[in-house]
Each structure stands twice: as structure tokens, then as C-alpha cells.
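See below for the structure under consideration.
The values are calculated or read from the model by the stated rules, or taken from the named source; none is laboratory data. Please read all numbers here as calculations on a predicted model, not as lab measurements. Note that we place each Cβ from the backbone using ideal geometry, even for glycine, and neighbour counts take in every protein chain shown. Heads up: the accessible areas ignore ligands, DNA and RNA and are worked out on the full protein's heavy atoms, side chains in. Shrake-Rupley method; radii C 1.70, N 1.55, O 1.52, S 1.80 Å.
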Amino acid sequence: MNIKKSGFNTKLIHAGNIHDQFGSAIVPIYQTSTFSFESSEEGAKCFAGESDGYIYTRIGNPTINALERQIAALENGFGAIAVSSGMAAATTIYLSLLSTGDHIVSTDAIYGPARGVMEKQFIRFGFQSTYINTTNIETIEKAIRRNTKVIYIETPANPTMEITDLKAVAEIASKHGCLLVVDNTFCSPYLQNPLDLGADIVFHSMTKFINGHADVVAGIIITKDKTVYSQLRTMMIHLGCNMDPHQAFLVLRGLKTLSVRIDRAQENALKIAEFLEKHPKVAWLKYPGLKSHPQYKLGKQQMKGNGSMISFGLKTGFEGAKKLMNNVHLALLAVSLGGIETLIQHPASMTHAKVSKDDKQKAGITDDLIRFSVGIEDAKDIIEDLKQGLEKV
Ligand SMILES: *Cc1c(COP(=O)(O)O)cnc(C)c1O
């Protein structure tokens, strides 16, 4: 059977599997740093790239490669490069694609550290960056300069839930000779496949939906093109931000249930979003599954589901948000997202506390914004928890 042509769920269960001499049903953990050769000739062949034998785990490892093959199949890519974290994926991409004097255009509400590393670290190497509201296609085109090499999008953006039109941005990128990079963490390969919409590179923080069990930090980069793939893999090997085999095993295990987890979480999220939107203490709410979302139609076009991330604000603003944080009991007050457990977070007092007022305002991260990552508990219990928490606000 040709796995490449099978459905998403079949790929989830079978795409990465290896057939070892024992007939293992699941990919084993090859917890080894190095691999021995049968002979000096065989070693020479491996180093010359004439044989695909393994050499050293920073370069490649059977457990890690199984995960890479699987995710590449799920994103319809040429190949994938697993790395130690989502940020390792972002920095490997920046360092592979940019040279001194090059410029990127990116979403203003992009994952904070992915912006921070450009503006506070890589600025020393002469990398230039412009952060704009990428939901407006004209704004993107205006921001492109002669030295723009990369357009880097996150959609839906974190934590504003704004959606960028991937097809339209891919057209602009190709017109201007730029590569389009998409952070697909919020959707996972189950809900959105940016390569199919014209993106060149996709990456995930696998810490979130892909692993989904709040017990691993990991990242992965998927490319459409073989040359870009080789460039990124070489950079990963040189930077030494490889994944560990045991980490890869845990992600492979978490990944098997990606679609059933997301199905349950987004079913819960819709019920919770409907409850919150009607609540008299809620001032506003953004969830791609509700018609009130400003890009509801676009979301339906490019996403295969609504996801399980909700952002909302209370009429009592910043103080109200803090009160709710302190009065929910089931939802964990924690950063991260996309896991089996429900998490609640207040960017203005937590993740984005150090971002300037001006940058927060421009990116649409208001002081009252509460980010809610819906888990797979019973929806009625999560709603009950929010209801009693809101009573105390
Ligand atoms: C968490 C996250 C990252 C960074 O991933 P780590 O695994 O924490 O390094 C990047 N992008 C998005 C959208 C994220 O949510």
C-alpha cells in the first residue's frame, strides 16, 4: 500500500514506521550517540554520502528520522528536520536563509521570542526585520524592500487569533523572489497545510499540538524543496540543535492521537467560545469557529477546523483578567498550549509583560486579553470552572 496516498489518520499511525529485524510494531528508541561501521570502506562511504548508513546522532538517528519522515508525509513536504525546540526551528531557519543586510517581513503578533531574537540578537549580525499586520495584503507588499529575502507568517497569530491569507501571501512572496515561511504550530498538520497553499517552509513547535502531552519541548521544519532542505539540515547539524532519540520517541507516541485529540479539543472549544461570548462579563471574544471572528470566511477556506485556541477580554479589563486567573481551578495557569489539559494565560501580565506598550498596541495585544487553550476534559467541567471564576470577577 502506498502510504503517501493514504488518508491523514492512516499516515498518523503508519507513515513513520520502520521495519526492523524483530518486527517492532512501534519505532524503538535508538538511544545511541554513535554508530559503528563494518569496515573502513563502509565508514568512508557513509562520510562521502554514498551510503545512507548512520554515523552520529547529531547528524541523524533512526528514531529521529522516523519522526521526520512522518511529519514530512503529514505536511506533504519533501523532507523534515527535527530540532530540539520550536525556537531552534526558528533560529535554524533565520540563520540558513539570511545573510548580513538581508531583511524579513513578519506578522506583528508573531510568537514573542521569534521576534525578540531578531530584534535583540540577530540585529548584531545585520539582519533587518519589519513587523506588520499581515492580515492586510497591501501592507505586506508595501513592506517588501529590495533586500527582503523572507516573509514569515504565523496564522492564526498568537495570541490575537488573527488569520493571514496564506495563498495571497505565497503569491506576493513568489512575485518578489522571497521565501514564505509559516509557523504552523497553532494548527498542526491536521488543520492546515501551508505547503499546499504555496509556502516554501513550514515549522512547528512540537511542544504544542504535535506532541500534545505537556512532557516534551521539540521543534520541526518541513520544506517543499530539496535544496532548501539540505541547506537547513546542514545548518541544524552545525548548530547542534538536533533532537534527542528519546524525545523523538515521545513525540512519535503523542503524534499517533493528534487527530482524535484535536477533534475533541475543538468540539470543546466551540462550546466554550459560545458560552463565553454570551456571558455578560465578557467584552469581546475571538475564535475562528464563530461568525463574530473578523476573518471567519478565510479561516473556513484555509483551515480544516477551528482549532482549540480562544482569546477574549473581560469588561473589567486588566484587573478582571488577573482575578479570573486567580479563581479558576481546573484550567492550569500556565504558558504553552495545544496539550490535553486546559491552560489559561494573561499575556499582558505574563508572556508579553516586557513588550513595550506601543508594540503591544500595534500587535493588537490588549491589556485585557486572556488566552485560553482548550484541553480534552469534559466541556461541561471547563465551562463550570469558568462560570464560577467569572462570578468572582
Ligand atoms: C511555543 C511556540 C513556539 C516556540 O516553541 P518552543 O518549543 O517553546 O521553543 C513558536 N511558535 C509558536 C506559535 C509557539 O506557540
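About its Cα centre, the dipole of the chain is roughly 820 debye, where the only charges are +1 on Lys and Arg Cβ and -1 on Asp and Glu Cβ. Using a probe radius of 1.4 angstrom, the carbon and sulfur fraction of the accessible surface of the stretch 8-255 is 52%. For the stretch 235-393, the residue among PRO288, ASN326, LEU386 whose Cα projects farthest onto the positive side of the dipole built from Cβ charges is PRO288. At full extension, GLN301 and LYS354 could sit 15.6 nm farther apart than now, given 0.36 nm per residue minus the alpha carbon distance. The residues of the chain expose, per residue, 44 Å² of accessible area to a 1.4 Å probe.
Projected label points at GLU119 and ALA283, each 7 Å from Cα along the beta carbon direction, are separated by 2.3 nanometres.
A dipole drawn for the stretch 168-251 from +1 and -1 charges on Cβ atoms has a positive end, and of VAL217, THR234, TYR190 the residue lying farthest that way is THR234.
Helical runs (DSSP H, four residues minimum) scored at -39500 (n - 2.57) apiece and divided by the length of the chain put the mean residue ellipticity at 222 nm at -11500 deg cm²/dmol. Between the stretch 303-357 and the stretch 132-188, the alpha-carbon centres lie 25 Å apart. Note on ILE237 and LYS323: the extension gain reaches 26.3 nm, defined as 0.36 nm multiplied by sequence separation minus the Cα-Cα distance.
In summary, the chain shows an alpha-carbon radius of gyration equal to 1.01 times the 2.2 N^0.38 Å reference for compact globular proteins.
Placing unit charges on each Cβ (+1 for Lys and Arg, -1 for Asp and Glu) gives the chain a dipole about its Cα centre, and among ALA66, GLN31, THR139 the Cα reaching farthest toward its positive end belongs to THR139. Pairs spanning more than 21 Å between alpha-carbon atoms, out of LYS5/LYS304; LYS120/LYS142; LYS278/LYS362; LYS297/LYS357: LYS120/LYS142; LYS278/LYS362; LYS297/LYS357. Evaluating kT/(6 pi eta Rh) at 37 °C and 0.692 mPa s, with the Kirkwood radius of the stretch 258-391 over Cα pairs in the Stokes-Einstein relation, gives 218 µm² s⁻¹. Computed in the context of the full set of protein chains, the accessible area of the stretch 258-391 at 1.4 Å probe radius has 55% of its extent on carbon or sulfur.
Here the peptides 327-338, 186-197 are ranked by packing, the mean other Cβ count within 10 Å, and the order with the highest first is 186-197, 327-338.
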